[in-house]
1. Give me the dipole magnitude in Debye, nearest 20, for the protein assembly as shown about the Cα centre, with unit charges on the beta carbon: positive for Lys and Arg, negative for Asp and Glu.
2. Taking region B:305-357, how much of its Cα-Cα pair set, in percent, is spaced more than 14 angstrom apart?
3. Per q in 0.05, 0.06 Å⁻¹, report the Debye log10 I(q)/I(0) for the protein assembly as shown, using one uniform scatterer on each alpha carbon and no solvent.
4. Rounded to the nearest 10 Å², what accessible area does residue B:282 show when all protein chains are kept and the probe is 1.4 Å?
5. In region B:112-189, which GluC sites (Glu not before Pro) are in a loop and have at most 15 other Cβ atoms within 10 Å, using DSSP for the loop call?
6. Hand me the trypsin sites (Lys or Arg not before Pro) from region B:238-345 located in a DSSP loop with no more than 14 other Cβ atoms within 10 Å, in residue order please.
7. Rank these by accessible area, largest first, 1.4 Å probe: B:334, A:96.
8. Using a probe radius of 1.4 Å on protein heavy atoms only, what is the accessible area buried between chains B and A, both sides summed, to the nearest 100 Å²?
Amino acid sequence: MQSNLTIERSKEAQAAQTVRIKPKWHKVVLHIVYYVVLIVFLVFYMLPFWGAVVSSFKSNTEATTSSPIALPQEWSMEGYSGALEKLKTPLLNSLVVTVFGAAGSVFLGSVCAYALSKWKFRLNNVLFIALVAATYLPFQAILIPLLKTVQSFGLYDNIWGVVMVHSIFGMPMCTTMMRGYYAEVPDALIKQAMIDGNGMWQIYRKIVVPNTKLATITTFVFQCTSIWNEMLFALVLTAQGESAMAPLATTVLQGFVGATGVEINQLMAGSMILALPMLVIYIFMGKYLISGQMSGAVTAS
Amino acid sequence: MAAITIKDMSVSYNKGKTFVLDRLNLSIKDGEFCVFLGPSGCGKSTAMYSIAGLLEPYAGQIYFGDTLMTEMDKGKKKTFIPPQERNIAMVFQEYALYPNMTVRENMAFSLKTKKVPKEEIDRLVNEQAEKLELTPLLDRRIAQLSGGQRQRVALGRALVRSPQVFLLDEPLGNLDAKLRDQVRYELKKIQRELNITTVYVTHDQTEAMTMADHIVLLNGGNIMQEGTPNELYDHPANEFVAGFLGTPQINIFDCQVVEKDNGLVLDAGAFTLPVPADTVACLQPYVGGAVHLGIRPADMDLDPNGPITAHVDSIEPLGDAYLIYISLGEKLVVFKYAGEKAPAEEELHLSPNFAKLHLFDPATEARINA
Ligand SMILES: Nc1ncnc2c1ncn2[C@@H]1O[C@H](COP(=O)(O)OP(=O)(O)OP(=O)(O)O)[C@@H](O)[C@H]1O
Ligand SMILES: [Mg+2]
């Protein structure tokens, strides 16, 4: 009886839908306008990117003479090999700084977040507010003292100095992010682990970290992108030699101005190479970043 | 293995503004099975957390045997042994199983922390898994278990240890009736074998009656009564205790105490009962006034000359007995009849068991008769 009813109802619903979908001419026009506008914007938006991609595959002469958006007449890897040659050191430096800087800040942030979210102590809230405030600190404001500090450690123009600065300055952001995730770990788990004979840091290691792996990954990826794209610290804390870093290397690339003018193909190829690592990370980790939350990371309940 | 003594313990969640537990005094003997019983929100879990050391009381002391575990004075910590050093095993209301581990790893976790040798851990875990029918599930992850299975894992995890004290917070709440009886039996047996002091929290009075050596009945943060299940059932100290224990609930009547023929009678309006001789003395102060009379459903019987005459409202068969709902004046009263056949009459004549009448002061709700 009931299934009959539902079938009837769904038929009715279908009928209703067909009626509603029946297009009216002005609606069709409106739709066409929508799409035309969208496509125009898309083209404008993608054109520079397209230009960069095709130019990076041209030889330098073709890149400077042909239309920047035309397909290469002759596909050439010359730009890439040239750019890679010049970018080798900065790329490697940047990679090291990104990975270790992100790892450092995630580690510090995770420890702080754990203490702040799962343990009550005096000044708990004060500390957290201080950390949040630090997240919004404009780095420009403290550049000079920072530079002096790094110099006094003897770490100026040393990528490990940059790693240290990124670890510390990334910490507040990581703490804020991870505190949210850790708050989702049920208190009963922590209590149970205490009853089972574990102290605060054993619980962190054996229970909290293994149950929030996705949170760690998400925060790590987030930190990687922001460190990779960060120019300021790199600019201030390194000289442009051995320890030059990748985002700066676009400035290095501008030094590709040779006797024949700018080597556009190398410049474009270099930009592609610089974008690649983050592109790869986003392709593999994107879904966690987009969802933003770590739904399912804590599967305790 | 240790006795637990609680002295003047108060617990507050807001630094002494209001108290969830108010000057609690309690002693639980070594090896005893003690049940904290009470309605939801009465402070059972809070009391248990305080014993575990997961919560700092506002004031008072807690001893395991002669060892001072907690001593608090108006929110200040004097002595506080952290929970990981108290050697207790606990089952939480929410199971709190570690989701990153298998069943076996969950059960082995505390032993591994204590650095028990591996073969010993395996032996203990397998033995306990056997008892709780968890053997086929040992290598599963927690997410792949049903609620009842999770509960048994939580129980097994506590039982593999040999703690000083077991703390169990409603550990059978999610089991179906059959499994609950079985696990209840198993749990009680293991507890008796190991002879470990156990505190068991429940709001289910049947569980409390069947398992406890010692029931502590709490309400609103105060102990209403403590004692053996029979003491509480047969001699409830007040109306709350009488109403909380026993299913169906005890019937309570408002009665006037009147003098008649050199004796006293209780006049409930719909019926009058003569007061038994041994109760007359304690009812003297109430003559001319009111008392509350409690009669348990099973403490009545059919009697053609009985003082209570009532109209049958409905009958529920229980299998081995009948619950007969009768109307007495305005009141619906339950009578548990243990006969073979339900009585066919519309009108019943009943007589209460005069040795099992409960009389309470209407103002204080305290028990009047001995
Ligand atoms: N963390 C907390 N903060 C503030 N109040 C709390 C907290 N935990 C419990 N309470 C309050 O303390 C009282 C006792 O709570 P408790 O958890 O001990 O009850 P319970 O007897 O275990 O109840 P149940 O049978 O529902 O588990 C309740 O009124 C509750 O609202
Ligand atoms: Mg509770």
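The values are calculated or read from the model by the stated rules, or taken from the named source; none is laboratory data. Small disclaimer: the values here were computed from a predicted structure and weren't measured. Counting neighbours? That spans all protein chains shown, and the Cβs are built from the backbone with ideal geometry, glycine included. Accessible surface areas use protein heavy atoms only, side chains included; no ligands, DNA or RNA. Shrake-Rupley method; radii C 1.70, N 1.55, O 1.52, S 1.80 Å.
1. With Lys and Arg at +1 and Asp and Glu at -1, about 3160 debye.
2. 53 percent
3. -0.46, -0.61
4. It works out to around 40 Å².
5. Passing both the DSSP loop test and the Cβ count: B:133.
6. Of the trypsin sites (Lys or Arg not before Pro), the ones in loops of region B:238-345 whose Cβ has at most 14 other Cβ atoms within 10 Å are B:341.
7. Heavy-atom accessible area, descending, gives A:96, B:334.
8. 1800 Å²
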